[in-house]
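These notes are about the structure you will find just below.
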Amino acid sequence: MTKPNMSVEIAGVKWNNPVTTASGTFGFGKEYAEYFDLGELGAVCLKSLSAVPRLGNPSPRIAETNYGILNSVGLQNPGAEYFLENELEEIRKYDTKIIANICGSTVEDYIAVTKILQDKVDMLELNISCPNVKEGGMAFGTNKDMVYDITSRVKEAAKVPLIVKLSPNVTDIAEIAASAESGGADALSLINTLLGMRIDIKTRRPILKNNMGGLSGPAVKPVAVRMVYQVRQAVKLPIIGMGGISTSDDAIEFMMAGANAVAVGTAGFVDPYAWVNVKNGIEQFLIENNISDVNDIVGTVELN
Ligand code: RRO
């Protein structure tokens, strides 16, 4: 069989393949360029950026869990202007699409960072799902009216396609997804991390200085697959699925649930080649199953 088609189109942007990075697990990319050609990935999604630099939360801000990690990084980043001046040129050398994840404490902050970054990157990912900042962050993503409001206001300011990243810390993800769609989102990504907590039984104190943090890694995968499936039933938008993907089999599960593309995150901390291995494994699966186009597996799950 000739090589299958691996390219996908997400909100009019052509990716060479359906694999990207989960924001916050890949920095601004250059640390990983020594391991592989970033052009191997359909897109790179970068650590969340705000209009002004942020120091993040006090340490410890990472705690290991069974089959996952909790983080309370707290949006540490050097600010969007620093990124444009010092980081962007390096990643632009690669044949991959660049997604900037944006965050803030108020709607005005989100609009400010959108105005700084837009048209310098290929897509924007609106982060209304960070569990670790006191104001903004997850608060925006857990109320359907706020999701509609922030999506429509950022969309008005954005000159490139807008992906809205959803929080799993909600009762009805389909309702939130529908609000983002009505607000003008061009695509959705899900899931961000699940709010969690660990306690040191000797000190009786939470391990994270921030007390709580976001859970990611293989432990969250079934929750994420279920949510991608529910969102696929609720909206027409392209979906970037993520949450505990470590292998190509995991990625294919997400695509069968309805994801048009997938992001690998926490698995990259275990193996820096995880992103490329997932991409190659998807291609191998297509060859072995005589499927000529990766888009043909999207949403093909058949319920019992
Ligand atoms: O920086 C963080 O603490 C963080 C962010 Br912005 C996010 O969206 N999700 C997460 O688990 N951590």
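The values are calculated or read from the model by the stated rules, or taken from the named source; none is laboratory data. Fair warning: this is a prediction, and the values are worked out from it, not measured in the lab. So basically every Cβ, Gly included, is an ideal-geometry build from the backbone, and we count neighbours across all protein chains shown. When the accessible area is computed, the model is the full protein with side chains, heavy atoms only, and any ligands, DNA or RNA have been set aside. Shrake-Rupley method; radii C 1.70, N 1.55, O 1.52, S 1.80 Å.
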task: Would you mention how many residues in the stretch 294-304 are under 13 Å from Asn5 (Cβ atoms) and either over 24 Å from the mean Cα position of the chain (by Cα) or open to solvent by less than 40 Å² (accessible area, probe 1.4 Å) (or both)?
output: 3
- prompt: What pairs come up if the first residue lies in the stretch 46-58 and is farther than 15 Å from Asn127 by Cβ, the second is assigned to a strand (DSSP E or B), and their beta carbons are under 9 Å apart, counting only those six or more places apart or on different chains?
  reply: Pro53/Asn77; Asn57/Gly213
task: Would you tally the residues in the stretch 126-140 being under 19 Å from Asp186 (Cβ atoms) and in contact with a helix residue (DSSP H, G or I) (Cβ under 6 Å, 6 or more places away or on another chain)?
output: 4
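For every residue, the table says whether it meets (1) in contact (Cβ under 8 Å) with a residue 12 or more places away in the chain; (2) more than 25 Å from Gly217 (Cβ to Cβ); (3) more than 16 Å from the chain's Cα centre (by Cα).
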| position | (1), (2), (3) |
| --- | --- |
| Pro18 | yes, no, no |
| Tyr35 | yes, no, yes |
| Gly39 | yes, yes, yes |
| Val44 | yes, no, no |
| Tyr82 | yes, yes, yes |
| Glu89 | no, yes, yes |
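Quick one: in the stretch 1-37, which of the residues that are within 16 Å of the ligand (Cβ to nearest atom) and buried (at least 20 other Cβ atoms within 10 Å of the Cβ) is farthest from Ala251 (Cα to Cα)?
Phe28
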message: If I ask for residues that are away from the ligand (no atom under 14 Å from the Cβ) and surrounded by fewer than 21 Cβ atoms within 10 Å (Cβ to Cβ), which ones from the stretch 38-75 would you list?
response: Gly39, Glu40, Val52, Glu64, Asn66, Tyr67
- request: Test Lys115 against the criterion of being among the charged types (D, E, K, R), in a loop (DSSP other than H, G, I, E, B) and in contact (Cβ under 8 Å) with a residue 12 or more places away in the chain, and give yes or no.
  value: no
task: Pairs only if they're at least six apart or on different chains, beta carbon under 7 angstrom, first in the stretch 284-304 and over 15 Å from Glu253 (Cα atoms), second part of a loop (DSSP other than H, G, I, E, B) and open to solvent by 70 Å² or more (accessible area, probe 1.4 Å); list them, first residue then second.
output: Ile287/Met1; Asn290/Met1
task: Restrict the check to the stretch 94-106 and report whether at least one residue is open to solvent by 10 Å² or more (accessible area, probe 1.4 Å), within 16 Å of the ligand (Cβ to nearest atom) and not in a helix (DSSP H, G or I).
output: yes
task: Restricting attention to strands (runs of 3 or more DSSP E) lying wholly within the stretch 154-236, give those where 1 or more residues are of a type in the set (Lys, Arg) and open to solvent by less than 30 Å² (accessible area, probe 1.4 Å).
output: 162-165
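If only one of Pro131, Pro161, Pro78, Pro168 is at negative phi and more than 16 Å from the ligand (Cβ to nearest atom), which one is it?
Being at negative phi and more than 16 Å from the ligand (Cβ to nearest atom) holds for just one of Pro131, Pro161, Pro78, Pro168, which is Pro161.
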- prompt: With respect to Asp119, is the statement that it is in contact with a Leu (Cβ under 9 Å, 6 or more places away or on another chain) and either open to solvent by 20 Å² or more (accessible area, probe 1.4 Å) or of a type in the set (Val, Ile, Thr) (or both) true?
  reply: no
